[in-house]
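Each remark here refers to the structure printed beneath this line.
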Amino acid sequence: MTNLSWLHPERVAKLQDALSRRILILDGAMGTMLQRHELDEAGYRGERFAHGCDSQQPHTHTGEHADAHGCQHDLKGDNDLLSLTHPGILRDIHHAYLEAGADFVETNTFNSTSISQADYALQHLVRELNREGAKLARAACDTAEKATPDKPRFAIGVLGPTSRTASLSPDVNNPGFRNVDFDELENAYADATHGLIEGGVDIVMVETIFDTLNAKAALSGIARVFDEVGGRLPVMISGTITDRSGRTLSGQTAEAFWYSVAHARPLSIGLNCALGAKDLRQHIEALARVADCAISAHPNAGLPNALGGYDETPEDMAETLGEFAREGLLNIVGGCCGTTPEHIKAIAEAVRDVAPRALPSDAAAAA
């Protein structure tokens, strides 16, 4: 990663100080909270997209031009779009997690890349989705800080894995085929990163990484943007172990994953999603042995049940993650799929008086 100076040096100093003193709390699931609102197609569209097209863009309702602005596409399920159509819902979710004890809130931008938004023909909104998602998260942090000035809060700009993989073929009959290449991924991540920076995030996180080549493209795109804007932000990296084999989808163990991305000098390395806390433990231990930066974990609330829900209670998660903390494995902890503000509150209480994992002496300089 580039050696440029920090874009927000005062906030980086607060972040590094907080990490040195206590285990910091990441928020929980966004999708789980949004599902509670049970929005239908009209709900996702809101007023701006009520008539099919983006009312802020020139459009017609027929032909290729209309399709380019989403007129002929179902928008239900595009959670990132809610930052534009229902910002109040996002504000409430951010505030709920902050009130539960979160130090970090993540932007609602998991799928805000041109590659993922292509599923809805909304690629033209990528910069705006990231910018507005960042503004909502940063504003929520500002509000929380005013109430408790001695406890800084940080907005994390989320870059999800996209809906494609550069390492694996989507065609079982043609293993050499790829439906995306490195340059396409890098450009998509760079565009999203620009929007996140414009919106005021404090940190950029590449998360739910199942393909390390995708992550490398993301890190390259991020570094390119830092060069373009003349400054950098701390970068968090979080992979996902896809099953109990202990490997990412592209075949790496936790240790191999770390060595593949260590060149980016991240603020933290960690794991999220796919597994519950108990099944994640050995892989977090592996990272804690080899990484010279902070360690993060935000697991699911257990494995999905037969209905696709998550059954692990706040108390169960807190007990397990509290053990992680007491054994010196964690610097940052939160929740992924199925977790709620109740989970985050319980986790925060479980690690409140536990010292963070000790970092190597040069870790702060590498952040």
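Laboratory data are not the source of any read-out in this text; all were calculated from the coordinates shown. All figures in this text were calculated on a predicted structure; none of them were measured in a lab. FYI the Cβ positions are ideal-geometry reconstructions off the backbone, even for glycines, and counts take in every protein chain you see.
Multiplying the sequence separation of GLU315 and ASP119 by 0.36 nm and subtracting their Cα-Cα distance, what value in nm do you get? If you can, show how the numbers build up before the last one.
On the way: separation 196, 0.36 × 196 = 70.56 nm, distance 3.76 nm.
Net length gain for the segment: 66.8 nm.
Given springs between every Cα pair under 10 Å in a Gaussian network model of the chain, which of ARG232, ARG244, ARG164 has the largest fluctuation?
ARG244
May I ask you to derive the FRET efficiency for LYS76 and GLU255 from their Cβ-Cβ distance with R0 = 30 Å, giving the value to the nearest 0.05? Working shown, then result.
On the way: r = 40 Å, r/R0 = 1.35.
So the FRET efficiency works out to roughly 0.15.
For the chain, find the longest principal axis of its Cα atoms and tell me its angle to the long axis of helix 87-99, 0 to 90°, nearest 10.
It is inclined by approximately 10 degrees.
Could you tell me what percent of the DSSP beta bridges with both partners in the chain are antiparallel, to the nearest 5?
On the way: 1 of 28 bridges.
Of those bridges, close to 5 percent are antiparallel.
Compute the helix-to-body angle for 314-326: its Cα long axis versus the longest principal axis of the chain, expressed 0 to 90° and rounded to tens.
The two axes meet at around 50 degrees.
Taking mean projected area of the Cα convex hull in nm² straight from the coordinates, which label in (i) 24.4; (ii) 19.0; (iii) 18.0 is the correct one?
(iii)
Per-residue HN-Hα couplings for the stretch 206-218, Karplus 6.51 cos²θ - 1.76 cosθ + 1.60 at θ = phi - 60°, whole Hz, x for Gly and Pro?
Ordered by residue, 3J(HN,Hα) equals 8, 10, 6, 7, 9, 10, 5, 5, 4, 5, 5, 5, 4 Hz.
May I ask for the angle, rounded to the nearest 10°, between helix 277-290 and the longest principal axis of the chain, with both axes built from Cα atoms and the value confined to 0 to 90°?
70 degrees
Pairs of Cα atoms under 8 Å, at least six residues apart: use those to get the relative contact order of the chain, whole percent.
On the way: 780 pairs, mean separation 70.3, N = 367.
That works out to 19 percent.
Between SER245 and VAL229, what is 0.36 nm times their sequence separation minus the Cα-Cα distance? Round to one decimal in nm.
Values: separation 16, 0.36 × 16 = 5.76 nm, distance 4.08 nm.
Computed gain between SER245 and VAL229 is 1.7 nm.
Between ALA147 and ASN179, what length in nm is gained on full extension when 0.36 nm per residue of separation is reduced by their alpha carbon distance? Present the calculation step by step, with values, prior to reporting the outcome.
Details: separation 32, 0.36 × 32 = 11.52 nm, distance 4.82 nm.
Result for the pair: 6.7 nm of gain on full extension.
Using Cβ counts within 10 Å as a stand-in for footprinting exposure, how do GLU312, GLU47, GLU207, GLU323 rank, fewest first? If you can, show how the numbers build up before the last one.
On the way: GLU312 20, GLU47 9, GLU207 25, GLU323 15.
Placing the least packed residue first, the sequence is GLU47, GLU323, GLU312, GLU207.
Taking the number of other C-beta atoms within 10 Å as the exposure measure, put ILE237, ILE284 in order starting with the fewest.
On the way: ILE237 27, ILE284 24.
Starting with the residue having the fewest Cβ neighbours, the order is ILE284, ILE237.
Tell me, what ³J(HN,Hα) does each residue in the stretch 343-360 have, in order and in whole Hz, if you take phi through Karplus 6.51 cos²θ - 1.76 cosθ + 1.60 with θ = phi - 60° and put x for Gly and Pro?
5, 5, 4, 5, 5, 4, 5, 5, 10, 3, 9, 9, 5, x, 3, 6, 8, x
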